[in-house]
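K.L.:
Take a look at this one; I'll ask things after.
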């Protein structure tokens with residue numbers, strides 16, 4: 001499993017976090033937690049099972065943590081293999097389970113290699129897109 | 001942890017063996033990444049999971065009924081075609097034809113190649129287009145199709161009811177008498193479930209490749225060295241630069257999904273085989289699918305894949321990735337059998353015409369540009385996937401004895 005690479009936006013966000021740590025508390029990194037962020041939102045998620053097996057359906061639970069002043073109205077989840085230029089053969093279904101909490105079912109990585117999750121966080125100001133890499137063995 | 005230790009052991013052996021390498025690649029020389037890729041193709045055989053949508057999956061009495069039906073030509077109203085007419089035991093459960101031959105006086109040429117049935121229960125989609133989401137729900141297709149057996153549910157119900165031996169086996173398998181005429185469809189579905197229970201038992205034995213893989217895993221240099229050198233080089237191509245193992249993934253050498261590999265999909269002038277595109281529509285509309293009323297999975301959980309299927313234009317011309325186990329015995333190849341030999345298959349990938357791929361085809365596919373020697377090595381590897389043994393396919397099951405009778 002490969003964690004997301006730190007981006008310039010991520011480093012900038014770290015600075016913002018120092019000013020408002022509580023806003024991102026639910027999206028902190030931890031064991032088994034995968035994480036991504038933009039300048040406006042952070043997102044942390046866990047998959048079930050924790051290690052994704054090629055060819056088997058999995059689900060995930062995500063927490064979306066907006067920067068102060070940003071309101072989250074929805075979340076879309078998808079994944080693709082950038083090197084192969086294809087996505088999944090299955091369409092995940094996402095439902096909100098609480099404020100900023102979402103559950104997605106019906107994901108499957110059908111090939112080994114580098115996959116990339118794409119989370120589209122919907123806000124009144126537009127879409128915040130977060131990518132998180134994952135290598136399926 | 002144990003797997004990691006085995007990989008480390010194999011890597012250490014590989015390091016030592018590399019020093020002794022002579023002409024060609026030593027059977028033990030491999031990078032940790034290659035060793036990991038090789039280990040993914042086992043262990044073998046894999047356990048056959050019970051199908052929750054089929055309540056008689058794994059049940060001995062249903063297996064006996066399914067076996068009797070598999071070899072019984074009376075399943076077709078003309079009594080001219082059994083499952084075993086196309087899935088010939090002496091031909092590794094295929095028929096050796098490019099495209100299957102139907103039943104009846106016309107014996108029409110069907111659209112697709114007859115796939116082998118060994119290890120069929122390892123799949124998740126059935127048929128070249130994956131138009132069925134369980135083994136049992138695929139089975140009514142050849143039984144009912146007018147170009148194949150051409151039966152009706154009523155015919156199948158009558159056969160089960162009127163033949164004392166089959167009626168006895170049915171009662172033992174399902175714990176009740178064959179349904180009446182008015183419920184012939186239930187009898188058909190039950191016959192399909194019994195056939196699936198039998199098909200689940202078709203598991204082929206270990207191959208020379210499996211023995212090599214196990215030798216690597218336990219660090220047995222002497223046993224690993226018995227693997228032919230040309231096959232070993234071919235395996236390196238398969239799991240390495242050829243990227244074959246990305247799709248031919250896992251113990252059954254198939255990721256169970258669908259890909260467009262640039263095969264023409266015209267069935268005849270003016271008629272196209274849509275492949276997976278049609279399969280997705282078919283499985284969604286299938287009243288026998290895992291989400292439907294005939295599924296025995298009360299939770300419908302096993303239908304999750306069907307529920308989450310997505311369809312896009314890239315599915316056009318995709319066909320199922322076949323297992324490569326026993327591939328040397330199942331010529332000809334591809335969904336329409338257009339490639340006669342394994343050499344032709346390897347040449348297809350070596351000289352792949354990317355213009356023939358759908359514009360959204362996998363970027364993974366590129367011409368391999370193999371030398372003649374490399375092509376021969378790859379074929380040599382594929383030949384080592386032939387099982388050393390197959391379970392007995394004797395169709396005779398003996399007379400059914402009603403329960404309580406000795």
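K.L.:
Given a cut-off of 24 Å, what percent of all Cα-Cα pairs of the stretch B:309-406 lie beyond it?
P.N.:
Tail fraction, whole percent: 44.
K.L.:
Cα-Cα pairs above 34 Å in chain B: how many percent?
P.N.:
I get 35 percent for the Cα pairs in chain B exceeding 34 Å.
K.L.:
What does the structure give for A:79-90 when I average, per residue, the other chain Cβ atoms found within 10 Å of the residue Cβ?
P.N.:
5
K.L.:
Can you sort A:59, B:53 from fewest to most other Cβ atoms within 10 Å of each residue's own Cβ?
P.N.:
So the ranking, lowest neighbour count to highest, is A:59, B:53.
K.L.:
Further, regarding this structure: If R0 is 51 Å, what FRET efficiency do you get for residue A:120 and residue B:344 from their C-beta distance, rounded to 0.05?
P.N.:
Using R0 = 51 Å, I get an efficiency of 0.70.
K.L.:
Could you pull the Rg and Dmax for the stretch B:180-277, using just the Cα atoms, both in Å?
P.N.:
Both quantities, over Cα of the stretch B:180-277: 21.2, 65 Å.
K.L.:
Please order A:97, B:139, A:105 by the number of other Cβ within 10 Å, starting at the fewest.
P.N.:
Final ranking by Cβ density, sparse to dense: A:97, A:105, B:139.
K.L.:
Can you report the principal axis dimensions of the stretch B:60-199 using only the alpha carbons, biggest first, rounded to whole angstrom?
P.N.:
Projected onto the principal axes, the Cα atoms of the stretch B:60-199 cover 41, 35, 27 Å.
K.L.:
Can you give me the angle between helix B:164-174 and the longest principal axis of chain B, using Cα atoms only, in degrees from 0 to 90, rounded to the nearest 10?
P.N.:
Roughly 70 degrees between the two axes.
K.L.:
Would you mind estimating how fast the protein assembly as shown diffuses translationally, via Stokes-Einstein at 4 °C and 1.567 mPa s with the Kirkwood radius over Cα pairs, in µm²/s?
P.N.:
Answer from the Stokes-Einstein relation: 50 µm²/s.
K.L.:
Let me ask something else about it. Mind pulling up the Rg/Rh value for the stretch A:8-136? Radius of gyration and Kirkwood radius, both on Cα.
P.N.:
Rg divided by Rh gives 0.96.
K.L.:
Now for a different question. Take residue B:396 and residue B:88, extend 7 Å from each Cα along the Cα→Cβ direction, and tell me the distance between the two endpoints in nm.
P.N.:
2.2
K.L.:
Now for a different question. Using just the C-alpha positions of the stretch B:108-152 as equal point scatterers, what log10 of I(q)/I(0) does the Debye formula give at each q in 0.26 1/Å?
P.N.:
Here log10 of I(q) over I(0) equals -1.07.
K.L.:
I need B:368, B:188 ordered by Cβ neighbour count within 10 Å, fewest first.
P.N.:
B:368, B:188
K.L.:
Spin-label point model (7 Å from Cα, Cβ direction): what's the residue B:299 to residue A:137 distance in nm?
P.N.:
Between residue B:299 and residue A:137, the label points sit 2.7 nm apart.
K.L.:
Note down the nm distance, to one decimal, between modelled labels 7 Å out along Cα→Cβ at residue A:127 and at residue B:46.
P.N.:
Reported label-point gap for residue A:127 and residue B:46 is 3.5 nm.
K.L.:
Relative to the longest principal axis of the C-alpha atoms of chain B, give the angle of the C-alpha long axis of helix B:276-285, reported between 0 and 90° and rounded to the nearest 10°.
P.N.:
Between helix and principal axis, roughly 30 degrees.
Quick note: the coordinates plus some simple rules give every number you see, no bench work behind them. Values in this document were obtained by computation on a predicted structure and should not be read as measured data. Quick reminder, even Gly has a Cβ in these numbers, built from the backbone with ideal geometry, and neighbours come from all protein chains shown.
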